[in-house]
1. Can you tell me which residue in segment B:101-115 is farthest from the other protein chains (Cβ to nearest Cβ), limited to those that are in contact with an Asp or Glu (Cβ under 9 Å, 6 or more places away or on another chain) and either β-branched (Val, Ile, Thr) or not in a strand (DSSP E or B) (or both)?
2. Collect the residues in segment B:34-49 that are over 11 Å from B:His77 (Cβ atoms), in contact (Cβ under 8 Å) with a residue 60 or more places away in the chain and either among the hydrophobic types (A, V, I, L, M, F, W, C) or more than 7 Å from chain A (Cβ to nearest Cβ) (or both), keeping them in residue-number order.
3. When you look at B:Cys187, is it over 21 Å from B:Phe135 (Cβ atoms), buried (at least 17 other Cβ atoms within 10 Å of the Cβ) and at pLDDT 95 or above, yes or no?
4. I'd like the full set of residues that are within 13 Å of A:Ala107 (Cβ to Cβ) and more than 17 Å from the chain's Cα centre (by Cα), limited to segment A:37-77.
5. Inside segment B:139-161, can you point out the residues that are more than 14 Å from chain A (Cβ to nearest Cβ), assigned to a helix (DSSP H, G or I) and surrounded by 13 or more Cβ atoms within 10 Å (Cβ to Cβ)?
6. Only one of these conditions is not met by B:Leu89: (1) touching a strand residue (DSSP E or B) at 6+ places or on another chain (Cβ under 6 Å); (2) more than 9 Å from every other protein chain (Cβ to nearest Cβ). Which number is it?
7. Restricting segment A:50-68 to residues that are charged (D, E, K, R) and touching a residue at least 12 places away in the same chain (Cβ under 8 Å), which is nearest to the other protein chains (Cβ to nearest Cβ)?
8. Any residue that is in contact (Cβ under 8 Å) with a residue 24 or more places away in the chain, among the β-branched types (Val, Ile, Thr), at the interface with chain B (Cβ under 10 Å from one of its Cβ atoms) and crowded, with 20+ Cβ neighbours inside 10 Å - is there at least one of those in segment A:127-134?
Protein chains: 2
Amino acid sequence: MCQLLGMNSVKPADLRFSLTGFAARGGLTDHHADGFGIGFFEDKACRLFVDAQPAATSPVAEMLKQYAIKSRNVVSHIRKATQGDPMRLENCHPFTRELWGRHWLFAHNGDLIDYQPESAGNYQPVGTTDSERAFCALMEELKQISPREPCSPDIIFETLCSLSERTAEFGVFNYLLSNGQSLYAHCSTRLWYLVREWPFSNASLVDADLSMDFAQTNDPEDRLCVVATQPLTRNENWQQLQPGQLLWIEQGRIVRQAQLEVSEAVRKKHEASLACV
Amino acid sequence: MCQLLGMNSVKPADLRFSLTGFAARGGLTDHHADGFGIGFFEDKACRLFVDAQPAATSPVAEMLKQYAIKSRNVVSHIRKATQGDPMRLENCHPFTRELWGRHWLFAHNGDLIDYQPESAGNYQPVGTTDSERAFCALMEELKQISPREPCSPDIIFETLCSLSERTAEFGVFNYLLSNGQSLYAHCSTRLWYLVREWPFSNASLVDADLSMDFAQTNDPEDRLCVVATQPLTRNENWQQLQPGQLLWIEQGRIVRQAQLEVSEAVRKKHEASLACV
């Protein structure tokens with residue numbers, strides 16, 4: 001399986017503190033050593049850094065630890081391959097596509113079994129993963145709503161609710177999706193989130209010997225939401241998402257959420273797979 | 001205006017020698033200091049590194065000078081903005097889209113005036129440049145050929161001939177395009193190419209005090225083609241493309257080329273603009 005990290009913030013934020021802990025999981029404190037990827041949005045466009053080398057040792061990850069790229073929306077992923085050749089670039093998350101004149105980023109943790117969605121052919125997978133197939137299906141379904149960006153973003157959330165419920169029937173479907181404005185987070189089995197806001201406190205990384213006093217580095221109006229497979233810090237108020245929970249995060253806070261139906265069969269399968277980890 | 005660099009090779013090649021000279025043009029030996037971008041293909045997928053900082057000083061460019069990313073197809077661009085805000089990520093070349101389950105990379109040098117192509121809406125620009133509009137139009141036109149990758153790649157070349165001729169009516173349209181297999185290079189005003197093959201020789205960069213003996217680093221069956229706005233080395237056999245010339249490069253050599261029609265009005269306009277540089 002893999003690990004996910006997402007961030008949505010009121011103001012462009014420097015994610016290097018969280019990335020230091022997260023990158024350590026790519027081969028140092030955890031076994032997710034099959035490559036990593038991170039996409040930073042700047043307005044409607046994102047730039048994506050991927051590497052087939054483990055995040056703990058990759059020169060790209062090393063550069064990112066030094067270079068303060070500030071962003072309001074970030075999606076990152078470190079990989080332990082389940083399907084698809086791990087060393088192939090086309091199988092590295094996050095995946096990106098353009099829809100409605102915006103980039104979209106998608107990263108998935110899980111495994112969809114016998115999942116072959118129908119496609120209108122507007123978005124075709126480049127690699128061989130179930131994850132990219134799911135992302136292409138998701139982009140197709142959003143494109144069907146409207147040829148241009150819909151006036152009301154609620155319809156995007158409702159489409160994601162319907163699609164996530166159906167796709168989760170095929171297996172574990174924890175994912176993060178962003179279009180540079182919103183971050184959407186869906187939990188099948190394991191995902192946590194944290195809203196970091198005033199009054200800011202001191203936090204210590206779980207995976208590295210590093211602390212930061214956010215009161216010193218943030219203004220009172222700053223606020224950001226971090227979503228991760230496992231809590232990244234020891235002393236902050238991380239909340240666990242429930243299976244079937246879908247969050248819509250904007251301006252560093254949850255603006256809408258839904259509890260999707262999870263069938264008894266799927267729930268039992270997930271419980272069994274969690275017990276094996 | 002901007003500078004372009006493209007490479008197509010029989011085997012995955014390390015481009016750091018050429019990049020060292022090319023990156024120096026981004027603010028050090030030349031004035032193209034409005035950001036840079038480079039995309040490396042690995043099979044059907046590319047990874048793209050862009051930065052709004054000048055190539056001569058960017059931490060991303062610095063990392064790339066150290067990290068030997070080997071690739072059979074590379075497209076790179078350093079920017080001197082003419083249209084669009086130079087500091088915005090969405091306006092940085094190369095641009096990328098997916099078509100037929102492959103990534104495509106496009107970089108443009110020039111300026112298209114009053115260019116507003118019609119669009120079926122499958123590919124929408126994220127930024128505000130004439131270049132990205134031209135790329136989206138190009139992707140739309142290729143998609144119209146067939147919903148899946150056509151069996152014969154000749155039809156791709158012929159579509160590019162037709163589109164390049166029409167688009168060049170709007171202004172200067174030097175471009176590089178790659179799908180990870182082929183590199184296409186179109187010249188409106190200024191583009192050079194070089195086939196580097198056995199017997200390999202020694203070459204010195206124009207923009208940096210650096211030489212390399214390719215006979216020491218290449219096998220006899222190696223061959224690559226480099227395309228650039230200006231020759232990168234002093235002592236190699238660079239060939240200048242003619243206005244209206246379109247090259248299709250594969251396996252490090254030109255497999256097909258066309259001399260497109262350039263109207264007298266366009267030719268005169270280009271001659272005037274070259275005289276001003």
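1. Let us first name the residues in segment B:101-115 that are in contact with an Asp or Glu (Cβ under 9 Å, 6 or more places away or on another chain), namely B:101-104, B:106, B:108, B:110-113, B:115.
Next cut, either β-branched (Val, Ile, Thr) or not in a strand (DSSP E or B) (or both) only: B:101, B:113, B:115.
Numbers: B:Gly101: 4, B:Ile113: 22, B:Tyr115: 17 Å.
If we take residues in segment B:101-115 being in contact with an Asp or Glu (Cβ under 9 Å, 6 or more places away or on another chain) and either β-branched (Val, Ile, Thr) or not in a strand (DSSP E or B) (or both), then B:Ile113 is farthest from the other protein chains (Cβ to nearest Cβ).
2. Across segment B:34-49, the qualifying residues are B:Phe41, B:Ala45, B:Cys46.
3. Numbers: over 21 Å from B:Phe135 (Cβ atoms): no; buried (at least 17 other Cβ atoms within 10 Å of the Cβ): yes; at pLDDT 95 or above: yes.
Criteria not met by B:Cys187.
4. Of everything in segment A:37-77, nothing turns out to be within 13 Å of A:Ala107 (Cβ to Cβ) and more than 17 Å from the chain's Cα centre (by Cα).
5. Those that are more than 14 Å from chain A (Cβ to nearest Cβ), assigned to a helix (DSSP H, G or I) and surrounded by 13 or more Cβ atoms within 10 Å (Cβ to Cβ): B:Glu141, B:Ile155, B:Ile156, B:Phe157, B:Glu158, B:Thr159, B:Leu160, B:Cys161.
6. So the condition that B:Leu89 fails would be (2).
7. Checking each candidate, the answer is A:Asp51.
8. no
The values are calculated or read from the model by the stated rules, or taken from the named source; none is laboratory data. Given the structure is predicted, the values throughout are model-derived calculations rather than measurements. A quick note on method: Cβ atoms are made from the backbone with ideal geometry, for glycine too, and the neighbour counts reach across all protein chains shown.
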